[in-house]
Amino acid sequence: MDATATTPNGDDAPPARVDLRAEFNEVGIGEVLDQLDRELVGLKPVKTRIREIAALLLVERLRKRMGLATGNPTLHMSFTGNPGTGKTTVALRIASILHKLGFVRRGHVVSVTRDELVGQYIGHTAPKTKEVLKKAMGGVLFIDEAYYLYRPENERDYGQEAIEILLQVMENQRDDLVVILAGYADRMEKFFQSNPGFRSRIAHHIDFPDYTDGELLTIAEGMLNEQNYHFAPEAKAAFERYIGIRKTQPLFANARSIRNALDRIRLRQANRLIADLDRSLTAEDIMTIEAGDVLASRVFGKEDGRDR
Amino acid sequence: MRLTQGCFSFLPDLTDEQIAAQVQYALSKGWAVNLEFTDDPHPRNTYWEMWGLPMFDLQDAAGVMMELNECRKIYGDRYIRLSAFDSSHGWESVRLSFIVNRPKDEPGFRLDRQESDGRNMRYTTRAYSADKPEGRRYGG
Ligand SMILES: Nc1ncnc2c1ncn2[C@@H]1O[C@H](COP(=O)(O)OP(=O)(O)O)[C@@H](O)[C@H]1O
Ligand SMILES: [Mg+2]
């Protein structure tokens with residue numbers, strides 16, 4: 001008996017009508033999208049693009065259900081933007097959306113850079129790349145600074161081997177995993193120019209803008225709030241100034257720099273509190289960041305050479 | 001004679017879909033999945049060759065199926081078995097093992113009888129295919 005043979009009776013025929021709202025509620029992406037809006041500050045264009053992609057995939061799901069789909073869509077993406085603009089964070093959310101919509105089976109993210117894909121000697125690269133691919137199957141493979149895979153100055157570079165395996169899997173195993181390439185916009189553009197195979201396999205390009213000063217402040221307040229801290233009013237003003245100055249300095253990495261700055265500020269606050277052991281503290285004292293905790297930062301041009 | 005070793009060997013061969021479902025079960029339990037191949041079908045042959053390393057930290061069966069298909073491309077004329085190892089404390093052993101590929105023709109085993117002292121009999125089984133050198137046993 002052939003289990004795959006079905007007769008076109010009422011049960012097996014595709015539905016003539018589908019209920020969009022029921023489908024939307026059933027997959028539960030509304031909650032993920034709202035959470036994305038709520039928890040991530042700014043990123044307006046990114047959020048819009050993700051809503052568009054989610055809409056497209058929801059319709060694709062309906063088309064599948066109605067027997068109108070023509071194969072699985074390409075879902076590989078590229079995320080371009082400066083460091084700390086939220087690419088990794090958004091990749092995690094995308095994975096969860098793809099999972100809820102049924103376009104990946106598990107919904108986990110495996111995040112790698114060149115070092116995890118490319119080997120040191122002949123015969124080392126293919127197994128390494130495959131190892132990573134196997135772990136990513138069923139989910140999303142996030143390749144940070146993907147352009148380092150391609151080193152044209154060295155014609156024997158093993159990166160090329162990794163690229164070829166990746167391209168093959170991106171093409172032939174689209175049901176098994178989604179690849180997201182991430183990195184600086186300009187370098188990524190050059191990478192795509194030299195590797196047209198990648199560009200043609202990528203369905204969605206999403207650009208991550210830098211955060212404005214106001215957004216960085218909101219991000220800072222959110223991060224503090226999460227850890228049960230908050231700025232005193234003068235500390236908030238000081239941190240606004242901090243942001244303005246830090247942005248002009250080298251190695252500024254948007255929200256990541258904010259996270260790091262807050263770590264150091266909490267350290268200074270703890271030191272300030274500990275300095276007076278005879279004092280009794282209220283919860284408010286322990287939660288409050290004072291202006292001095294911010295202003296002691298090296299960013300304000302104090303001579304102290306330590307990394308503060 | 002159809003070789004019956006490991007789980008499921010008295011059932012018809014599993015389809016790839018059925019194999020993938022078993023693999024997914026193993027992965028969901030956190031077991032490491034491993035592929036091995038041989039052309040010596042003797043039941044006491046414990047020296048199967050490993051196809052790469054055991055696969056750790058996989059979430060989805062597709063990764064294992066990819067390796068199985070590559071192994072079949074090269075050793076499709078031999079026996080391939082898949083095993084799942086549970087490393088958790090107290091188990092530390094294989095929890096599931098079954099054949100996922102077999103040669104087209106399986107000539108089976110000959111039973112040799114050796115008459116020894118008194119009326120004693122010694123028995124030994126010999127795979128017909130093992131008369132040929134390794135690598136040439138199943139027309140490969
Ligand atoms: N829009 C945002 N709102 C709140 N926190 C953010 C936002 N964007 C980034 N972050 C935080 O900044 C840090 C760096 O973000 P990440 O996603 O790793 O950036 P990228 O991958 O682009 O370098 C993380 O700790 C993340 O939580
Ligand atoms: Mg990142």
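The values are calculated or read from the model by the stated rules, or taken from the named source; none is laboratory data. Small disclaimer: the values here were computed from a predicted structure and weren't measured. Using ideal geometry, Cβ is built from the backbone for each residue, glycine included, and neighbour counts are taken over all protein chains shown. We work out accessible area using only protein heavy atoms, side chains counted, and drop any ligands, DNA or RNA first. Shrake-Rupley method; radii C 1.70, N 1.55, O 1.52, S 1.80 Å.
Here are some notes:
- When A and B come together, around 1000 square angstrom of accessible surface is lost from both chains combined, probe 1.4 Å.
- Proximal charge balance of B:F37 [Cβ under 13 Å; K/R count +1, D/E count -1]: -2
- Rounded if a/c under 1.5, otherwise prolate or oblate - the range A:1-152, Cα gyration tensor axes: oblate
- Calculated FRET value between B:M121 and B:R95, using beta carbons and R₀ = 41 Å, to 0.05: 0.65
- Debye, to nearest 20: dipole size of the range B:16-107, +1 on Lys, Arg Cβ, -1 on Asp, Glu Cβ: 160 debye
- Within straight-line cross-link reach of A:K64, lysines at Cα separation under 25 Å, skipping those fewer than 8 residues along the same chain: A:K100
- Here B:K132 is the anchor, and the aspartates and glutamates within straight C-alpha reach of less than 20 Å, apart from those fewer than 8 places off in the same chain, are B:D39, B:D40, B:E49, B:D77, B:D105, B:E106, B:D112.
- 27 Å tail of the calculated P(r), the protein assembly as shown, as % of Cα pairs: 68 percent
- Cα-centred dipole magnitude for the protein assembly as shown, charges only on beta-carbon of K, R (+1) and D, E (-1), debye, nearest 20: 460 debye
- Normalised by the number of residues in the range B:16-107, the mean separation of alpha-carbon contacts (under 8 Å, six or more apart) gives a relative contact order of 30 percent.
- Using equal-weight Cα scatterers in the Debye expression, the normalised intensity of the range B:1-95 in log10 at q = 0.12, 0.25 Å⁻¹ is -0.38, -1.57.
- Mean accessible surface per residue for chain B, computed with a 1.4 Å probe while every protein chain stays in place, in Å²: 61 Å²
- Surface calculation, 1.4 Å probe, protein heavy atoms: B:M50 sits at approximately 100 Å² accessible.
- Under 22 Å of direct C-alpha separation, and excluding same-chain neighbours fewer than eight residues apart, A:K44 reaches these lysines: A:K87, A:K247.
- Environment charge at A:I122 (Cβ cut-off 13 Å; Lys +1, Arg +1, Asp -1, Glu -1): 0
- Heavy-atom accessible area for B:L14, with the other protein chains in place and a 1.4 Å probe, reaches approximately 40 Å².
- Area accessible to solvent at A:S257, 1.4 Å probe radius, in Å²: 10 Å²
- Local electrostatic count at B:G52 - Lys and Arg +1, Asp and Glu -1, tallied over other residues with Cβ under 13 Å: -2
- Nearest-20 debye value, the range B:42-94 charge dipole, Cβ charges on Lys, Arg, Asp, Glu: 320 debye
- One quarter of the convex hull surface built on the alpha carbon atoms of the range A:127-267 amounts to 11.5 nm², the projected area averaged over directions.
- Protein-protein interface of the range A:91-137, residues with accessible area decrease of at least 40 Å², isolated chain reference, 1.4 Å probe: A:R106, A:K130, A:K134, A:K135, A:M137
- Antiparallel bridges, percent of DSSP beta bridges restricted to the protein assembly as shown (to nearest 5): 55 percent
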